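As structure tokens, the structure follows; a few thoughts come after it.
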Amino acid sequence: MSGISENVAAVKLEIEKAAESCGRSGREIVLVAATKMNNAARVREAISAGVDACGENRVQELLEKYEQGAYDGAPLHFIGTLQTNKVKYIVGKVSLIQSVNSLKLAKEISKCAEKLGIVQDILIEINIGGEESKSGADEKDAFELVENISKLPSVRVRGLMTIPPISHDEETQKRFFLKMKQLFVDIGAKKYDNISMEFLSMGMSGDYRKAIECGANMVRVGTGIFGARHYV
Ligand SMILES: *Cc1c(COP(=O)(O)O)cnc(C)c1O
């Protein structure tokens with residue numbers, strides 16, 4: 001017994017409760033299983049249990065598991081730090097790249113997508129806590145970045161993603177999540193061509209309930225589904 005399907009059911013119930021507590025429906029929330037360090041069999045189990053998508057962090061690991069058919073039956077997202085020289089390996093394989101933090105990266109994605117004759121959906125990752133260690137774009141640059149990306153022919157911005165500073169204090173969590181929600185609304189109100197603010201991806205195992213209460217409609221859960229990761 002891996003417990004994965006029970007965990008997925010429990011997480012979905014929590015998502016529903018959090019959504020309903022603020023007058024929304026659990027059906028509006030996309031549950032992305034953060035699958036890093038879990039093998040193909042475990043990923044398949046999560047898909048069978050009904051997660052809406054899988055999110056992978058590392059290109060090499062994604063390619064290996066992709067070859068093994070790990071993600072069959074669910075959309076695949078890329079959620080980790082992406083180097084420009086690795087873009088070509090994942091464009092066309094993933095339905096959403098959540099971690100786009102620069103114009104340079106977006107240009108490369110657009111170039112690769114154009115070659116394949118597709119449009120790649122992306123989210124813009126924002127470093128909402130302004131932390132040195134985090135890879136998202138600065139909040140103050142977000143508007144200009146989105147506007148510039150909107151001019152690229154073969155990417156389409158569908159929303160925002162963030163990993164806020166780690167905090168166990170609910171008020172602190174809430175502050176960053178609400179800042180993201182406001183940015184999401186403000187960028188949407190600009191009505192840039194070719195941009196739709198549909199997905200606000202925030203919340204992980206420790207804080208997805210709070211994120212949903214603050215407006216997230218996409219959460220990325222790893223530990224809560226697969227248990228603790230064993231770093232080797
Ligand atoms: C690992 C990871 C998650 C999930 O983290 P958990 O705390 O295990 O739920 C979410 N988002 C990103 C970008 C991750 O790398």
- Arranged from highest to lowest average of other beta-carbon atoms within 10 Å per residue, in what order do the peptides 207-215, 80-88 appear? 207-215, 80-88
- Residue-normalised value, i.e. accessible area per residue, for the chain at 1.4 Å probe, in Å², stands at 48 Å²
- Message: Suppose R0 equals 30 Å. What FRET efficiency, 1/(1 + (r/R0)^6) with r the Cβ-Cβ distance, do K86 and E144 give to the nearest 0.05?
- Response: 0.75
- Determine the share of the range 4-225's accessible area contributed by carbon and sulfur atoms, expressed in whole percent, with a 1.4 angstrom probe. 48 percent
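Net charge within 15 Å of K115 by Cβ-Cβ distance, Lys/Arg positive one each and Asp/Glu negative one each, not counting K115 itself?
On the way: positive: K88, K93, K107, K111; negative: E108, E114.
Around K115, the surrounding residues sum to +2.
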- Around G26: net Lys/Arg minus Asp/Glu count, Cβ-Cβ under 10 Å: 0
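Could you calculate the contour length gain from R58 to R27, that is, 0.36 nm times the residue separation minus the distance between their Cα atoms, to one decimal place in nm? Show your work: numbers first, answer last.
Working: separation 31, 0.36 × 31 = 11.16 nm, distance 2.85 nm.
Once the chain is fully extended between R58 and R27, it gains 8.3 nm.
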- Task: Could you check how many percent of all C-alpha pairs in the range 49-187 are farther apart than 24 Å?
- Result: 33 percent
- Query: Distance from the Cα centre of the range 155-202 to that of the range 1-64, in angstrom?
  - Reply: 20 Å
- Task: Could you tally the net charge around F226, taking each other residue with its Cβ under 11 Å from the Cβ of F226, Lys/Arg +1 and Asp/Glu -1?
- Result: +2
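If you put +1 on each Lys and Arg Cβ and -1 on each Asp and Glu Cβ, how big is the dipole of the chain around its Cα centre, in Debye rounded to 20? Walk me through the numbers before you get to the answer.
Details: 31 positive and 31 negative charges, 86 e Å.
Result for the chain is approximately 420 debye, rounded to the nearest 20.
Using the per-residue mean of other Cβ atoms lying within 10 Å as a proxy for protection, in what order, highest first, do the peptides 158-171, 35-48 fall?
Numbers: 158-171: 17.6, 35-48: 19.2.
The most tightly packed comes first, giving 35-48, 158-171.
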- Computed lengthening from Q182 to A9, 0.36 nm per intervening residue step minus Cα-Cα distance: 59.2 nm
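Sort the following peptides by mean Cβ neighbour count (other Cβ atoms within 10 Å, averaged over residues), highest first: 54-67, 140-153.
Numbers: 54-67: 18.6, 140-153: 16.0.
Packing proxy ranking, top to bottom: 54-67, 140-153.
Would you list the membrane-span-like helices of the chain, meaning whole DSSP H runs whose alpha-carbon atoms span at least 24 Å along their axis and whose mean Kyte-Doolittle value is at least -1.0? Can you show the working numbers first?
On the way: long enough: 4-21 (25 Å, 0.08); 170-189 (28 Å, -0.32).
Qualifying helices: 4-21, 170-189.
The values are calculated or read from the model by the stated rules, or taken from the named source; none is laboratory data. Source: prediction; values computed, not measured. Here Cβ is always computed from backbone atoms with ideal geometry, including for glycine, and neighbour counts include all displayed protein chains. Heavy atoms of the whole protein, side chains included, go into the accessibility calculation; ligands, DNA and RNA do not. Shrake-Rupley method; radii C 1.70, N 1.55, O 1.52, S 1.80 Å.
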